[in-house]
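Bear in mind these aren't lab numbers, they're just calculated from the coordinates by the rules spelled out. None of the values given here were measured: they were computed from a predicted structure. In this analysis, Cβ positions are derived from the backbone assuming ideal geometry, glycine residues included, and neighbour counts consider all displayed protein chains.
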Amino acid sequence: MAGLIDRHVRERPEAVAIRFNGRDTTFKALENLSNRMANAMIAEGLEPGDRIAILAKNSDQYLAMVLASAKARVCAVTLNWRLAPSEIAYILEHSDAKLLFVEPEFLASHAAPIEAAGQLRRCLEFSPDSPGSVAETWWMSAPATPPATVSEASDDFVQMYTSGTTGLPKGVVLTHGGYLAAYVAVNALAWARYDETDTIFPPSPFFHVSGLNVALRALNTGARVILRPMFIPTEAPDVIVREGVTRALMVPAVIAQLLATPSVRQLDFSRLKMITYGGSPMPPKVLEEAQQVFGCSFVQGYGLTETGGQATFLDPDDHRTGGRRLGSCGRPTPGCEVRICDPDGQTLPPETVGEIQIRSTSMMKEYWKNPEATSATMSGDWLKTGDAGYLDADGYLYIHDRVKDMIVSGGENIYPTEVENALSSYPGVAEVAVIGVPDEKWGEAVKALVVPKPGAQIDTAGLIAHARERIAGYKLPKSVDFVSPLPRNASGKILRRALREPFWAGRSKQVG
């Protein structure tokens, strides 16, 4: 990954690689900037395998930091800036990050966890829109010549944290070789290839594997990347048209937000060739409307952070054909295999629901410092996704339910346990169970079912405010029901499926 843009630096150095907030960065400028950053990291004493962390919104400098870490043979930990300070504190400590690059707004809101991270050698504040930051002074003091280090395929490239079933995030380690294998696999599909004529718009934040993957693959192919700090529904349609975007990546909830923008039907999207969506199922009505409004090809992707962000694609031809297959996630990408297994790990025949397992050339290396979770998730070289589904006779994958209890809301993964932990410490709460329920906008919404202590009067607003101090806002319940008792099995475990059933009755899919 250290040589990601080498060819374009040699052959077309003045071509625009990134446009961020109207500012253009050429391939040569990106090369020089990432070289300076890498040399500064090495001068700071970072060694191969060390970690840097980035707490920031999308920008050209963010991508340069990721490229720089590859050149310095250190691993970039991309932090979810939507997390609560206590969650950031855990990840900073767990990741062993030696350097932290942070934007001013997050330095102010997360001062306590940053100060508590004893292993940090330096916290470098940077502001992509304001020159002269502490971080910029730091890296500009280093030379722009290529660093002497040579990265290897087995080197750790990025570390992304996903929600954990115990409530603690898990650090997914992806290697240089895994990332490159993913690019080779996607480029084997003619309809998926980017080229130098493309303009790519990845609004997903870089702490998501999909957002970072698309941006880096675009740079590798010589396409121009359009970046905004964050997705704003009212401005995104104008960005797509003004910048001549040819390909965009969005979750279904984002597409629905675009369609709700008043001006979207008056704009000319003729240069837009393809929208790739994933993260949660696409409501049929939203897909139909999007096809009419944008007039481009559509592709659905299914994958996990652990698989390098990809596993299957439902391609443009399948979308044009329509019918039953629009309810599927498509077929495996090159370099990826999918099987359906029973609880004993035996492969099941077509049309039989079981756990979806994936084997891929882009598979994660491990969960950082968590061999137990790694062993529990891997079955040999097969990854147990926790999703339940089936393959049809033609190899198309259909997701039916979740073996695990994870909720997907607006493309964000939310585990009930971490929400329950945040709610259960509120005065008057005896028990709480969290489930996902259907939501037209977000796919699923978080619902809390709370059992009050005898005689307790629980204020819903106070309960939510209490939880917000402990977890990210997008994980908060959208609704709270007060119940008694919670259904349990013979061993005393809460029967989440029984709690979910009334809300999902009559739906063919039991996920959002």
Taking a label point 7 Å from the Cα of D459 along the Cα→Cβ vector, which residues of the stretch 408-428 have an amide N closer than 20 Å to it?
422-428
Enumerate the aspartates and glutamates that K447 could reach by cross-link, defined here as Cα to Cα under 12 Å, with residues fewer than 8 away along the same chain left out.
E420, D439, D481
In nanometres, the difference between 0.36 nm per residue of separation and the alpha-carbon distance of V134 and A260 is 41.3 nm
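I'd like the FRET efficiency for R324 and E14, computed as 1/(1 + (r/R0)^6) with the beta carbon distance as r and R0 of 41 Å, rounded to 0.05.
After rounding, the FRET efficiency stands at 0.25.
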For K28, go through the lysines and keep the ones whose alpha-carbon is under 29 Å away, minus same-chain ones fewer than eight residues off.
K57, K71, K98, K273
Checked against a 19 Å limit on the C-alpha separation, the offending pairs among K441/K478; K404/K441; K170/K404 are K404/K441
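How much length, in nm to one decimal, is gained on full extension between D317 and K285, taken as 0.36 nm per residue of separation minus their Cα-Cα distance? Walk me through the intermediate numbers first.
On the way: separation 32, 0.36 × 32 = 11.52 nm, distance 1.88 nm.
Here the answer is 9.6 nm.
Please identify every one of the trypsin sites (Lys or Arg not before Pro) in the stretch 320-385 that sits in a loop by DSSP and has no more than 16 other beta carbons within 10 Å of its own beta carbon.
The qualifying sites are K369.
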Suppose every Lys and Arg Cβ carries +1 and every Asp and Glu Cβ carries -1, with no other charges. What dipole size does the stretch 98-237 come out with about its Cα centre, to the nearest 20 debye?
280
Under 10 Å, Cβ to Cβ, from N220 - net charge with Lys/Arg +1 and Asp/Glu -1
+1
Can you list the equivalent-ellipsoid semi-axes of the stretch 305-402, largest first and in whole Å, using the square root of 5 times each Cα gyration tensor eigenvalue?
25, 16, 10
Computed FRET efficiency, Cβ-Cβ of E351 and L189, R0 30 Å: what is it to the nearest 0.05?
0.70
Just going by the charge dipole of the chain, with Lys and Arg at +1 and Asp and Glu at -1 on Cβ, which of M364, G323, F157 is farthest out on the positive end?
G323
Cα lying deepest toward the dipole's positive end in the chain, options A422, N220, T137, charges on Cβ:
A422
Quick one: length gained pulling V403 to S425 fully straight, 0.36 nm per residue minus the C-alpha distance?
5.2 nm
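So how do 33-40, 277-284 stack up, highest first, on mean other-Cβ count within 10 Å?
The peptides rank, most packed first, as 33-40, 277-284.
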Evaluate the distance, in nm, between pseudo-label points positioned 7 Å from the Cα of S484 and of A144 along their respective Cα→Cβ axes.
7.1
Just check the stretch 407-504 against the gyration tensor rule for me: Cα atoms, a ≥ b ≥ c as the square roots of the eigenvalues, rounded for a/c under 1.5, and otherwise prolate or oblate depending on whether a/b exceeds b/c.
oblate
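Taking the Cα centre of the chain as origin and charging only Cβ (+1 Lys, Arg; -1 Asp, Glu), how large is the dipole, in debye to the nearest 20? Spell out each step's value before the answer.
Working: 51 positive and 58 negative charges, 83 e Å.
My answer is approximately 400 debye.
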Using the Cα centre of the chain as origin and beta-carbon charges of +1 (Lys, Arg) and -1 (Asp, Glu), tell me which of S379, V16, V450 is placed farthest towards the positive end of the dipole.
V450
Give me the distance in nm between label points sitting 7 Å out from Cα along the Cα-to-Cβ direction at D392 and R507, one decimal.
2.1
If T234, T199 are placed from fewest to most neighbouring beta carbons inside 10 Å, the sequence is T234, T199
Tally the DSSP beta bridges in the chain and give the antiparallel ones as a percent, rounded to 5.
60
